[in-house]
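Worksheet: the structure to be examined is printed underneath.
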Amino acid sequence: MVKIRQSSFAHQMIQPCPACFNLENPSDVERIAWESGYYRQEAKKISGSSLVLGFFNMMKLGVNTLSAWCIEIGLMGKCAMHRSSLHERLDPRTLSFVQAVLRQTMELRVKQSYAKQGDLQTGASPLLRYFGNVLLCDSTCAKLPSNLAEYFPSSYSHGEPTATLRVQTIYNYKHEQFERFKIGSFRDNDQSESNLILEVAHAGDLVLRDLGYFVLENLRKMSNMGIFFISKFRPGTVVYDALSGEKIDLLAHLKKKKRMDIPVLLGSKEKVPLRLVAEKLPEEVARKKRQKARGDRNKKANHSEEYYELLGWVVFVTNVEEKILSAEQVAEVYRIRWFIEIIFKAWKTHFNFTKMFEKQKMNYWRVHITIALVLIRIAYWSLDVYTYIKKGVAKITNRPLSILKYFSVLNLLSQQVSTIRHLEELDPLIPQFAVHATYDRRKNRQNFKERHIC
């Protein structure tokens, strides 16, 4: 069997023309099926479009079995087939086909968004207007059948190897779309994927990532490329004064003040010139963070007392100058990173993301095909359908859509939404989203989206 350790769905060898593609149109999906080599000769009982749409129908039910998939395909084709026929069809050619469909689903939408980038910039809040794109990076995991431990190695359970999938994502907050998916195993941690952002970000973009991606050489590369970033500071990293070059006792400096904003050099060897911003946390918040850290089941962590003391502050490093973002604004902008956590929650709550992989046994090709099909549905409902509904809602109310509420309502209306052939058929449903999928009005404060995207 061919062993593919990782795959980046944004870069595949099949590159069909992105000039016109509509996932709702079976003929467009069939065109990609022919171009990708899914068909070797005349179309068979399992057409490319029925395979894709049949999976989506099955996914709504929260199951992933060959029998359920066959039934959905059979209902569309007005026929019946044995699951062995579908099993034989889940091969490298089908994987190339579904990956090409995913590429088209994402690529056309990305090009359309960037073509309208000038219009979008005028709608950004003052905190984000300076930056080209705001890119949120994070990963999420799903357990796989243990028979796939060789390809997706994870930890051990009762002495037996287990398998876990990790999906690296890069989400464009301003354009509200995914820029990149990359598939790996649990052991392909965030730190090892820190350079993935260099394939997506451009000079003037702002990158927000959590501590897992903290690699000094990567931060240097982004700075050299003109890419802005805000990152949490990793305790234990050596800090030098940018002017004198002397080593700084960070904890001693922090104990003297509630807020600090100074130029520093990070790393004993790297000495990356950055700006360090720190703010003291409320005592109750600091206490809970320390309590959680002390209860860490990972014995390898072996945190020092200095580490626990530093948990009393939130510390950022950034290459964004103070004239662009003040220390307080740095912390405010970094909170946007939590938006991708909300997206992951929506995946698992409303897209049956983890349920699609909760199988006792699946072979290698079926897992990769499943991953691609799940991401196609997520990308499509998160891009084209979301954008169309968002525009419709804006005509009814000035309250912005909540991404979590949007997915919840979409899930409730999935039966109606799944039957559409053109986006205009969503119009009768838009009032439901305007009422049930928007942020509540608040008298005293703005909601998350209102603060950052007008």
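The values are calculated or read from the model by the stated rules, or taken from the named source; none is laboratory data. Just so it is clear, the structure is predicted and the values come from calculations on it, not from any experiment. As a convention, Cβ positions derive from the backbone with ideal geometry for all residues, glycine included, and neighbour counts pool all protein chains shown.
Brief remarks follow.
- Scanning region 227-259 for residues being closer than 27 Å to G204 by Cβ and in contact (Cβ under 8 Å) with a residue 24 or more places away in the chain gives a total of 9.
- Qualifying residue in region 144-164 (condition: at pLDDT 85 or above, out of contact with any strand residue (DSSP E or B) (no Cβ under 9 Å at 6 or more places or on another chain) and not charged (D, E, K, R)): no
Residues checked against (1) surrounded by 15 or more Cβ atoms within 10 Å (Cβ to Cβ); (2) in contact with a strand residue (DSSP E or B) (Cβ under 8 Å, 6 or more places away or on another chain):
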{"residue": "I227", "(1), (2)": "yes, yes"}
{"residue": "A242", "(1), (2)": "yes, yes"}
{"residue": "V272", "(1), (2)": "yes, yes"}
{"residue": "R275", "(1), (2)": "yes, yes"}
{"residue": "V285", "(1), (2)": "no, no"}
{"residue": "K288", "(1), (2)": "no, no"}
{"residue": "G295", "(1), (2)": "no, no"}
{"residue": "Y307", "(1), (2)": "yes, no"}
{"residue": "L311", "(1), (2)": "yes, no"}
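- Positions within region 341-363 being assigned to a helix (DSSP H, G or I), of a type outside the set (G, A, S) and farther than 15 Å from L66 by Cα, in sequence order: E341, I342, I343, F344, K345, W347, K348, T349, H350, T354
- Selected residue (only one of L274, L216, L254, L206 is within 28 Å of E341 (Cβ to Cβ), aliphatic (A, V, I, L, M) and more than 32 Å from the chain's Cα centre (by Cα)): L254
- Residues being touching a helix residue (DSSP H, G or I) at 6+ places or on another chain (Cβ under 6 Å) and assigned to a helix (DSSP H, G or I) - total across region 384-402: 4
- Once region 257-270 is narrowed to residues that are under 36 Å from the mean Cα position of the chain (by Cα) and among the charged types (D, E, K, R), the residue that is surrounded by the fewest Cβ atoms within 10 Å (Cβ to Cβ) is K269.
- Residue among K355, K390, K361, K395 that is of a type outside the set (S, T, Y) and within 15 Å of F55 (Cα to Cα): K355
- Subset of region 136-188 (residues that are without any contact (Cβ under 8 Å) to a residue 60 or more places away in the chain, in a strand (DSSP E or B) and of a type in the set (D, E, K, R)): E160, R166
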